[in-house]
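The values are calculated or read from the model by the stated rules, or taken from the named source; none is laboratory data. What you see is a predicted model, and the numbers here were worked out from it, not measured in a lab. Neighbour counts are summed over all protein chains in view; Cβ atoms, including those assigned to glycine, are modelled from backbone coordinates with ideal geometry. Surface areas here come from the heavy atoms of the whole protein model, side chains and all, with no ligands, DNA or RNA. Shrake-Rupley method; radii C 1.70, N 1.55, O 1.52, S 1.80 Å.
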Amino acid sequence: EKIYAGIKFLKEHRGQFLWPEVIGAARDLRAELAGHPAVLRVELAGSLRRCMPLVNAIDLVAASRDPRAVTAFFTGLPPVDKVTESGKGTSSVLLKTGVTAHLRVVGDEEYPHALQYFTGSKEHIAALRRRAETLGYELDASGLRRGGEHIYCREEEEIYERLGLPWIPPELREGLGETELGDERELPALVKSEEIRGLF
C-alpha cells in the first residue's frame with residue numbers, strides 16, 4: 001500500500017517543482033531579459049509569481065517593440081537545453097534543470113493586461129471577467145474593452161481600479177473570495193519577511 005501510494009504521488013506531481021528550487025533560475029532569466037535592449041519591461045507571472053509551493057513552469061511576460069528579437073534571445077540563453085515552441089510572441093524552452101519556461105512578448109500597451117491575466121489562477125480571472133461584464137467591460141489578456149473600444153491601463157493597479165477594486169497582490173489571486181474582500185476593502189495584509197520571527 002505504501003509503495004502504491006508513493007507511485008501515485010509521483011505520477012500526480014510529475015513535472016512539478018518546489019518554489020525555492022525554481023525561483024533562482026526564474027530570476028536569472030528575468031534579469032537576462034531585462035538587460036536586452038529590445039525589452040521595455042519584464043516580470044515573472046503564473047504560479048511562481050503567486051508564490052505557490054509547487055509550480056509547473058516558469059512563466060515570464062515581457063513588453064517589446066521587437067518580439068522576434070526577444071524570442072530569439074530567450075531561446076538562445078545558456079540555461080536552455082531544448083526549444084519546444086518558438087513563435088513571434090510566444091516561446092517555450094526546457095531548461096537544463098528539467099524545468100519548462102514560457103515567455104510571452106507583447107506590446108507595451110498590452111503588457112499590464114497580459115501580466116495580470118497570466119498571473120492569476122483560472123478562478124481569479126473568471127471572477128474578474130464576471131465583474132467586468134457587470135460593469136460593461138470585456139476583459140482578456142489583450143486589455144479591457146467597452147463597446148469595441150480598447151481601454152489600456154498603464155499598470156496592473158489601474159486594471160483593478162477600473163473594476164472598482166483595490167490592487168490585489170499576486171499571492172492572493174487564487175479565486176478564494178479575494179474580489180469580494182476587495183469590494184469590502186478587507187483584503188488581508190501579507191506577511192512581510194521582516195515580520196518573521198521564527199520558522200517551524
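Which residue, of ARG104, ARG197, is without any contact (Cβ under 8 Å) to a residue 12 or more places away in the chain, open to solvent by 10 Å² or more (accessible area, probe 1.4 Å) and not acidic (Asp, Glu)?
Numbers: ARG104 fails: without any contact (Cβ under 8 Å) to a residue 12 or more places away in the chain.
Step by step, each of ARG104, ARG197 is checked, and only ARG197 is without any contact (Cβ under 8 Å) to a residue 12 or more places away in the chain, open to solvent by 10 Å² or more (accessible area, probe 1.4 Å) and not acidic (Asp, Glu).
Scanning segment 100-131 for residues that are among the small types (Gly, Ala, Ser), assigned to a loop (DSSP other than H, G, I, E, B) and more than 23 Å from ALA25 (Cβ to Cβ) turns up just one, GLY107.
Here are ALA72, ALA57, ALA31, ALA62: which of them is in contact (Cβ under 8 Å) with a residue 40 or more places away in the chain and farther than 21 Å from GLU123 by Cβ? Spell out how you get there, then give the answer.
Details: ALA72 fails: in contact (Cβ under 8 Å) with a residue 40 or more places away in the chain; ALA57 fails: farther than 21 Å from GLU123 by Cβ; ALA31 fails: in contact (Cβ under 8 Å) with a residue 40 or more places away in the chain.
Being in contact (Cβ under 8 Å) with a residue 40 or more places away in the chain and farther than 21 Å from GLU123 by Cβ holds for just one of ALA72, ALA57, ALA31, ALA62, which is ALA62.
Out of all the residues in segment 28-40, is one or more within 15 Å of LEU103 (Cβ to Cβ), touching a Leu at 6+ places or on another chain (Cβ under 7 Å) and among the small types (Gly, Ala, Ser)? The answer is no, given that none of the residues of segment 28-40 is within 15 Å of LEU103 (Cβ to Cβ), touching a Leu at 6+ places or on another chain (Cβ under 7 Å) and among the small types (Gly, Ala, Ser).
Regarding LEU18, is this residue free of Cβ contacts under 8 Å to residues at least 40 places away in the same chain, under 30 Å from LEU190 (Cβ atoms) and touching a strand residue (DSSP E or B) at 6+ places or on another chain (Cβ under 8 Å)?
Working: free of Cβ contacts under 8 Å to residues at least 40 places away in the same chain: yes; under 30 Å from LEU190 (Cβ atoms): yes; touching a strand residue (DSSP E or B) at 6+ places or on another chain (Cβ under 8 Å): yes.
Answer is yes for this residue.
The residue that is least open to solvent (accessible area, probe 1.4 Å), counting only those in segment 145-194 that are more than 29 Å from GLU109 (Cα to Cα) and either assigned to a helix (DSSP H, G or I) or polar (S, T, N, Q) (or both), is SER193. Total residues in segment 126-144 satisfying the condition of being in contact (Cβ under 8 Å) with a residue 24 or more places away in the chain and exposed (fewer than 15 other Cβ atoms within 10 Å of the Cβ): the figure is 3. Among the residues of segment 11-50, the ones that are surrounded by fewer than 20 Cβ atoms within 10 Å (Cβ to Cβ) and among the aromatic types (Phe, Trp, Tyr) come to 1 in all.
Of the residues PHE118, PHE73, which single one is out of contact with any Lys or Arg (no Cβ under 7 Å at 6 or more places or on another chain), among the aromatic types (Phe, Trp, Tyr), modelled with pLDDT of 95 or more and surrounded by 13 or more Cβ atoms within 10 Å (Cβ to Cβ)?
Details: PHE118 fails: out of contact with any Lys or Arg (no Cβ under 7 Å at 6 or more places or on another chain).
Step by step, each of PHE118, PHE73 is checked, and only PHE73 is out of contact with any Lys or Arg (no Cβ under 7 Å at 6 or more places or on another chain), among the aromatic types (Phe, Trp, Tyr), modelled with pLDDT of 95 or more and surrounded by 13 or more Cβ atoms within 10 Å (Cβ to Cβ).
Could you name every one of the helices (runs of 4 or more DSSP H) located completely within segment 1-99 that has at least 2 residues being aliphatic (A, V, I, L, M)?
Values: elements: 2-12, 19-34, 46-49, 67-75.
Those helices (runs of 4 or more DSSP H) span 2-12, 19-34, 67-75.
Just one of (1) of a type in the set (Val, Ile, Thr); (2) crowded, with 19+ Cβ neighbours inside 10 Å; (3) under 20 Å from ASP28 (Cα atoms) fails for THR97. It is (2).
The residues on offer are LEU190, LEU176, LEU139, LEU172, and the sole one that is of a type in the set (A, V, I, L, M, F, W, C), touching a helix residue (DSSP H, G or I) at 6+ places or on another chain (Cβ under 8 Å) and more than 17 Å from SER47 (Cα to Cα) is LEU139.
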